[in-house]
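These notes concern the structure reproduced below.
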Amino acid sequence: MNESVLSQLTAAFQKKFSDSGKPRYFRAPGRVNLIGGHTDYNDGFVLPVAIDREMLLAVSPRDDKKVKAYSCNFTDTRSFSLDKIEFNEEVMWINYLQGVAKYLQKAGFLLGGLDIALLGRVPLGAGLSSSAALEVAVASAFREVFQLELSDEKLAAIARQAENDFVGVNCGIMDQFISVLGRKNRALFLDCRTQEYELIPIKNSGYKIVVANTNVEHHLADSAYNKRQQECQQGVEILNNLFEKQISTLRDVNCDEFAAVKDKMPEVVRRRCQHVIYENQRVKDCRQALLDDDLEQAGKLISLSHKSLSNLYQVSCHELDLIVNIALEIDGVLGARMTGAGFGGSTVNLVKDQAIAEFKTIVTNKYQDKTGIEPDIYICEVVDGCGEISLN
Ligand code: ADP
Ligand code: MG
């Protein structure tokens, strides 16, 4: 843990909560999904890792039922009562904390008040899920401080519920799940239908997971997301008529079954389904490639995923395609793809250690030349899911 960051957080906590006791510290990581784009809400498979860009909290209990929180990033203090949780129309960020407190209480847990200083090191809105890191860190602090009998899986589910039903963002379970259950140097192969998961060792130490943030966010994202969900649903209805068996989501169709009927589908819906169905297979293949320590193969699958997201699912954009293409021209880049919802945000890249320096300069220079925008490059370590930070 970076000492200077913790000192900064401690200083902020002491300044804002001078009457409070000595704080305990909690952390929850952001994440990047190696492969499995737009498969989550189709009940499919994903393969995320938790990364060393984290949400950090300093927390101390209060003797009333208030939660008072200070965000170092926003230099803003907000509070709410656990007995009266109402959506805050003006200040979005406090709703993530309110949502977590609301659904913990709804699940029957008895909470007390908290003073919280938070320092986020997950870039906001970059597709690395700062929102899940915030929810999970807060839920984990409540769990430890008030000794709640709450399993990791349930904690993730409550954090997701906060985002879905309180904040109003219709995300799948992946982000919260990996922020809780991720493990150091492991990728998490998650079945979004059953929530069964498997931790896959990342054996090869000769490469790194590198994130490139385009630093653009196109406004299309929300409407396109809803549209894609509808198109997948239409696909399910059509496929249901084409098959004997019952299909409740695209997860229920494999590549061979799809290939046999795809020509009977309308063009746009066919493309959307084709992406999701083949992407599910690619996630399974990538799991196997990691188990075999075959990074070349994992990289190929990741790059194929991008092509499919761009051409068939059509959720990429000029800047994402550009930054992927620049990366793939570099010797030592094994694979590159957009990650997250699309229309901006970040790409994930598998880069050999010896190519990292070149990746940084070439991607930064070429992308900036072509777009006038400076990208951010994050070289990631794969870390454990949420927990308390012990200071000894
Ligand atoms: P992403 O999860 O991709 O980073 P979101 O829009 O889902 O983007 O979540 C970002 C929101 O999460 C921010 O606008 C803010 O409300 C909240 N958030 C994230 N980090 C912090 C932080 N350090 N302090 C306060 N709020 C934060
Ligand atoms: Mg988010």
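Things to note:
- Hey, ASN204 within 16 Å of ligand 2 (Cβ to nearest atom), modelled with pLDDT under 95 and surrounded by fewer than 16 Cβ atoms within 10 Å (Cβ to Cβ) or not: no
- In region 127-176, the residues that are away from ligand 1 (no atom under 14 Å from the Cβ), touching a residue at least 24 places away in the same chain (Cβ under 8 Å) and of a type in the set (Ser, Thr, Tyr): SER140
- Residue in region 213-220 that is at pLDDT 95 or above, surrounded by fewer than 16 Cβ atoms within 10 Å (Cβ to Cβ) and in a loop (DSSP other than H, G, I, E, B) present: no
- Condition check for GLU196: without any contact (Cβ under 8 Å) to a residue 60 or more places away in the chain and either among the polar types (S, T, N, Q) or under 29 Å from VAL315 (Cα atoms) (or both): yes
- Search result, residues across region 268-283 that are acidic (Asp, Glu) and closer than 18 Å to ILE238 by Cβ: none
- Failed item, numbered, when LEU328 is tested on (1) exposed (fewer than 15 other Cβ atoms within 10 Å of the Cβ); (2) free of Cβ contacts under 8 Å to residues at least 60 places away in the same chain: (1)
- Scanning region 115-144 for residues that are closer than 19 Å to ALA156 by Cβ, more than 11 Å from ligand 2 (Cβ to nearest atom) and among the β-branched types (Val, Ile, Thr) returns VAL136, VAL138.
- Entry remark, region 182-195: residues being surrounded by fewer than 21 Cβ atoms within 10 Å (Cβ to Cβ) and either part of a helix (DSSP H, G or I) or touching a strand residue (DSSP E or B) at 6+ places or on another chain (Cβ under 8 Å) (or both) number 5 in total.
- From ASN88, ASN2, ASN73, residue being polar (S, T, N, Q) and in contact (Cβ under 8 Å) with a residue 40 or more places away in the chain: ASN73
- Residue check, ILE51 surrounded by 19 or more Cβ atoms within 10 Å (Cβ to Cβ) and over 15 Å from SER179 (Cβ atoms): no
- Residues within region 44-61 that are under 17 Å from GLU381 (Cα atoms) and touching a helix residue (DSSP H, G or I) at 6+ places or on another chain (Cβ under 9 Å), tallied: 8
- When region 171-226 is filtered for residues that are farther than 26 Å from ARG272 by Cβ, touching an Asp or Glu at 6+ places or on another chain (Cβ under 7 Å) and of a type in the set (A, V, I, L, M), the ones remaining, listed by number, are VAL180, LEU181.
- Checking each residue of region 172-180 against the condition of being under 13 Å from the mean Cα position of the chain (by Cα), surrounded by fewer than 24 Cβ atoms within 10 Å (Cβ to Cβ) and among the small types (Gly, Ala, Ser) gives at least one match.
The values are calculated or read from the model by the stated rules, or taken from the named source; none is laboratory data. These numbers come from a predicted model, not from an experiment. Reconstructed Cβ throughout: ideal geometry from the backbone, glycine too, with neighbour counts over all protein chains shown.
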